[in-house]
Amino acid sequence: MNVSAIIPAYNRLWCLPRTIESCRNTKCETEIIVVDDGSTDDTWEWLKTQTDVIAIRQENQGQTYAINKGFSVAKGEYIRFLDSDDFLAPGTIDKQYRAAIDSGAQLVCSRVDLYDQLSGNITTCPDINGWDDFLEIQLSNKYGSHFLGMLFHRSLVEQIPRRPEFAFREDRMFLLEVALLNPKIAIVDGCAGYWVQHGGQMQGNYDKLKNQAVNQQHLDIYKTILGKLDAENRLLPQYKKAACTVLWPLAHWIAKEDIPAADKVVQWIYELDPEFKIPETGSLGAMYRKLGFTLTEKLLKLRRRIKYGWKQSL
């Protein structure tokens, strides 16, 4: 088997047929594996009618467990992962597989564009030809593509299972752990697929407890990855600077719930990069520079209370 496409699904019958269809009609030998994570709509009944799909059903355990379950039965030399609401551009699997075989790459990457589910509008993301250091890109807030646009040699996935303890950010942990292995990479120009945008998936819609969990997992990922680099004497200045571009906005997210905890993140940023420059411009940037992080975040919190109401901002 050349390629295994693994798709976790939960109550996604409205989009799953499009996702599966985008994996069909390949020249290389491709198996499509869908793991129904305890759907309560008609997903499972529909899957049983798809004779070219390896359909697996499990009790609802979450996407991470579903992905690992799918990989446990996958036979492909190369593996690709798709969320059940995303889809590939025509010919992607064949183009990336051919590039992998021709170059001997362990990881093939392409651009992923954004698709608005409501309007059907497509936003073109930056090309990735300028990638010099995959780990630096993945550590930073630069455009790092999306696992949808990547084809992985199975040996990489065997070394790095998807991790349930980082369920809200496990795709970020996975790509960073892949980057730590320094795989041989091939770039295929053009758009590999479409990351579908719909309101329910955005962090701005999460409730307070989920936001806290997301932020903590994100922070723990960076502590883990930078800790590994440090232990291996690989924590280079460019990796520290790249991480700080993510840790700064993360500190702002954390400050919405816990300013002292966020202040500790800011202290860590300046330990990593004593020359760190606050990215905000205008009046907000001036506040951070003149008043400091803690006082600025307190004022921003007060502003949210005034604008949105006391209870909503808590």
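The values are calculated or read from the model by the stated rules, or taken from the named source; none is laboratory data. Since this is a predicted model, take the numbers as computed values, not measurements. With ideal geometry, Cβ positions are generated from the backbone for all residues, glycine too; neighbour counts draw on all protein chains shown. Protein only, heavy atoms only, side chains kept; ligands, DNA and RNA dropped before computing areas. Shrake-Rupley method; radii C 1.70, N 1.55, O 1.52, S 1.80 Å.
Please work out which residue is farthest from Leu13 (Cα to Cα), limiting yourself to region 32-56 and to residues that are of a type in the set (D, E, K, R) and surrounded by 17 or more Cβ atoms within 10 Å (Cβ to Cβ). Among them, the one singled out is Asp37. Right, Asn205: of a type in the set (S, T, N, Q) and modelled with pLDDT under 95 or not? When the stated conditions are applied, Asn205 passes them. Number of residues in region 57-69 that are open to solvent by 50 Å² or more (accessible area, probe 1.4 Å) and farther than 19 Å from Ile20 by Cα: the value is 4. Per the listing Ser72, Ser84, Ser110, Ser103, the residue uniquely under 22 Å from the mean Cα position of the chain (by Cα) and surrounded by fewer than 17 Cβ atoms within 10 Å (Cβ to Cβ) is Ser72.
Taking region 179-202 as the range and being of a type in the set (Val, Ile, Thr) and either within 17 Å of the chain's Cα centre (by Cα) or modelled with pLDDT under 95 (or both) as the test, only Val196 passes.
Go through region 45-58 and give me each residue that's part of a loop (DSSP other than H, G, I, E, B), without any contact (Cβ under 8 Å) to a residue 24 or more places away in the chain and touching a strand residue (DSSP E or B) at 6+ places or on another chain (Cβ under 8 Å). Once the filter is applied, which keeps residues that are part of a loop (DSSP other than H, G, I, E, B), without any contact (Cβ under 8 Å) to a residue 24 or more places away in the chain and touching a strand residue (DSSP E or B) at 6+ places or on another chain (Cβ under 8 Å), region 45-58 yields only Lys48.
Residues are listed down the side, and each one gets a yes or a no for (1) surrounded by 20 or more Cβ atoms within 10 Å (Cβ to Cβ); (2) touching a residue at least 40 places away in the same chain (Cβ under 8 Å):
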position	(1), (2)
Lys184	no, yes
Gly190	no, yes
Gly193	yes, yes
Leu209	no, no
Thr224	no, yes
Leu236	no, no
Pro249	no, yes
Lys256	no, yes
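Output yes when any residue across region 154-165 is at pLDDT 95 or above and either assigned to a strand (DSSP E or B) or charged (D, E, K, R) (or both), and no when none is. Within region 154-165, one or more residues are at pLDDT 95 or above and either assigned to a strand (DSSP E or B) or charged (D, E, K, R) (or both). Those residues that are open to solvent by less than 40 Å² (accessible area, probe 1.4 Å) and not hydrophobic (A, V, I, L, M, F, W, C), I need them from region 12-25; list them, please. Answer for region 12-25, where residues must be open to solvent by less than 40 Å² (accessible area, probe 1.4 Å) and not hydrophobic (A, V, I, L, M, F, W, C): Thr19, Ser22. When region 133-163 is filtered for residues that are more than 16 Å from Cys244 (Cβ to Cβ), among the hydroxyl-bearing types (Ser, Thr, Tyr) and buried (at least 18 other Cβ atoms within 10 Å of the Cβ), only Ser145 remains. Kindly establish whether Glu257 is assigned to a loop (DSSP other than H, G, I, E, B) and out of contact with any Cys (no Cβ under 7 Å at 6 or more places or on another chain). Yes; evaluated as a whole, the condition is true for this residue.
Results for (1) touching a residue at least 24 places away in the same chain (Cβ under 8 Å); (2) open to solvent by 70 Å² or more (accessible area, probe 1.4 Å), shown as yes or no for each residue.
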position: Val214; (1), (2): yes, no
position: Thr245; (1), (2): yes, no
position: Gln267; (1), (2): no, yes
position: Gly282; (1), (2): no, no
